[in-house]
Amino acid sequence: MATTPAEWLPILTGRLDARQPRIARLRRYSNGHAPLPEMGKNTKATWQAFQKKARTNYGGLTCESLGGRMIPNGVSIGSKSKSPAVTEAERIWRNNRLDVVFADAIFDMLSVSLSYLITGTRDGDAIITAEPPEQVITAPDPAQPWRARAALKAWRDPDLGLDYALVWVPGVRQLFQRSSKNSNGTPIGLTAGDWTAEAEPESYDGGVPVYVLENDKGVAEFEPHIDVLDRINLGKLQRLVTTAMQAYKQRAMKGGLPQEDEDGNSIDWAKILEPAPGALWDLPEGIDVWESGQTDITPLLKGEESDGRDFAGVTQTPLSVFIPSGDNQSAEGAQNSQKGQILKAKNRIARASAPMEAALVAALRIRGLDDGSTVQLLWQPPEHISFAEKTLAATQAKAAGVSGHWIKRNIMGMSPDEIQQDDQDAASEMLQQFALTGAGNAPSNPAPAQ
């Protein structure tokens, strides 16, 4: 078994190259560039331009909708609300913009089944970055797959014309490099190849600081349903073709137009009677114009709704994501589809939490503040995302006798800092109310609002 960075390098680069076609395919289905339906080797550019209009980004919408219920909003450490470790974690969150970093990692996890977080240092400070699976791969620990026994990050510097590969094993990392072009001057397309050590192996503390977020069953959210997406895009293309062929009323001349003028010259009626807005033709006596009836495309539009319902059903996504109109689904159906998505969100949150928390622990270790306390990532409740959902649930919970702090944390999704600030604001408002109304003496140290 490989143990050094140099031994792991060819293994990991080979694995990274092997999975690139699948990752690229999933990217296309999640960014609106799915394969064009009915493609052939001799397909003309004009037909391809028409085909592009048939693609609907249902895959990307599915991932964005589910990701919208997976919003991390803070971190707690141990049982203390304030400590040096908590303060440092808040600083790491702010300086690394972890709300954006974690959101990027979550979308990659949902859309291409994998994403990575890397914890490192810059100028002595801890940094956490989200890395795409096109550039990073790990050899996972079988017991805890989000941890790695070895990891690789490969990237290209176009300005220098060099490729770099950084390999980690527990306690040791090493940087390798190569030219980004082969001997013929052609850019190298694969990661595997002739690498040379750019520096000697370097020691560091801890395990491999690369953490993998892997989606449920190792597939993207829409990956089991790619056939459905292909069918939807093909059906859309067929409807567009039918609409385009029937969009214009057919016209004909009845009575027989003369083919030559008085001087015997051929008459180009197609040029003379060229259709245009406001065109007025002076036809010879006895000639009538026939026009076909209007084509009803309503059945074609119904097909769009049917496609949306099918894909919403198999992905447990609310139909309103694909069909914004609220007339296409009953209230009970909408509630059931949301329940399915909420359950999925909870499952994906559980899978994403461990590697995210591990990345934060590694950052605290770099700062010398990992005292063994439990680091827990806090999330907004996936059941209550919109403000209307939150306030309705909060009202119902309050009526049931639930404490204000529990409501703020588990329904409103407030972070510990936000809860503390809200308590202070509530106390301040209470003092102002006593001062303005003169209703007795204000308490010298009012209790936080519950």
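Percent relative contact order of the chain, based on C-alpha pairs within less than 8 angstrom and at least six residues apart?
20 percent
How much mean residue ellipticity at 222 nm does the chain get from its helices, if each DSSP H run of length 4 or more adds -39500 (n - 2.57) and you divide by all residues, to the nearest 500 deg cm²/dmol?
-14000 deg cm²/dmol
What longest region of the chain stays clear of GluC sites (Glu not before Pro) that DSSP places outside H, G, I, E and B and that have at most 10 other Cβ atoms within 10 Å?
Details: sites that count: 262, 285.
That gives 1-261 as the longest site-free run.
Can you bin the chain into rounded, prolate or oblate? Criterion: square roots of the alpha carbon gyration tensor eigenvalues sorted a ≥ b ≥ c, rounded for a/c under 1.5, prolate for a/b above b/c, oblate for the rest.
Taking the square roots of the gyration eigenvalues as a ≥ b ≥ c, the chain is oblate.
How high is the FRET efficiency between residue 399 and residue 428 when r is their beta carbon distance and R₀ equals 25 Å, given to the nearest 0.05?
0.45
In degrees between 0 and 90, to the nearest 10, how far off the longest principal axis of the chain does helix 84-95 point, with axes built from Cα atoms?
Helix 84-95 and the main axis of the chain meet at about 20 degrees.
If neighbour count is taken as other Cβ atoms inside 10 Å, put 208, 219 in order from fewest to most.
Placing the least packed residue first, the sequence is 219, 208.
Give, rounded to the nearest 20 debye, the magnitude of the charge dipole that the chain has about its Cα centre when Lys and Arg contribute +1 at Cβ and Asp and Glu contribute -1 at Cβ. Let's see the in-between values first.
Numbers: 46 positive and 56 negative charges, 285 e Å.
Value, rounded to 20: 1360 debye.
Note the full-extension length gain between residue 20 and residue 53 as 0.36 nm times their separation in residues minus their Cα-Cα distance, in nm to one decimal.
Stretched fully, the residue 20-residue 53 segment lengthens by 9.2 nm.
So if we plug the beta-carbon distance of residue 269 and residue 33 into 1/(1 + (r/R0)^6) with R0 = 45 Å, what FRET efficiency do we get, rounded to 0.05?
Working: r = 45 Å, r/R0 = 0.99.
Working from the Cβ atoms, E equals 0.50.
Rounded to the nearest 0.05, what FRET efficiency is calculated for residue 346 and residue 205 with R0 set to 30 Å and r the Cβ-Cβ distance?
So the FRET efficiency works out to roughly 0.30.
Work through the residues other than residue 2 whose Cβ is under 15 Å from its Cβ and net out their charges, Lys, Arg +1 and Asp, Glu -1.
Every neighbour counted, the sum reads +1.
Note the angle between two axes, namely the Cα long axis of helix 298-315 and the longest principal axis of the Cα atoms of the chain, as a number of degrees from 0 to 90, rounded to the nearest 10.
20 degrees
With the crude spin-label approximation of a point 7 Å out along Cα→Cβ, what separation in nm comes out for residue 389 versus residue 240?
For residue 389 paired with residue 240, the spin-label model returns 3.3 nm.
State to the nearest 20 debye the size of the charge dipole of region 67-199 about its Cα centre, where the only charges are +1 on K and R beta carbons and -1 on D and E beta carbons. Please report the intermediate quantities before stating the final value.
Details: 14 positive and 15 negative charges, 80 e Å.
The calculated dipole for region 67-199 is roughly 380 debye.
Going toward the positive end of the dipole of region 79-120, with +1 on Lys and Arg Cβ and -1 on Asp and Glu Cβ, which of 83, 112, 102 do you reach last?
Positive-end residue among those listed: 83.
Who wins for biggest fluctuation among 366, 118, 267 in a Gaussian network model of the chain, springs between alpha carbons below 10 Å?
Answer for the Gaussian network model of the chain: 267.
Given the pairs 254/302; 53/346; 217/339, which span a C-alpha to C-alpha distance of over 26 angstrom in this model?
254/302; 53/346
For residue 287 and residue 262 in one chain, what is 0.36 nm times their gap in residues minus the Cα-Cα distance, to one decimal in nm? Intermediate results must be reported in sequence, preceding the final value.
Values: separation 25, 0.36 × 25 = 9.00 nm, distance 1.77 nm.
Full extension of this stretch gives 7.2 nm more.
Every number here is computed from the coordinates shown, using simple stated rules; none is lab data. Please read all numbers here as calculations on a predicted model, not as lab measurements. Don't worry about glycine lacking a Cβ; one is built from the backbone with ideal geometry, like all the others, and counts go over all protein chains shown.
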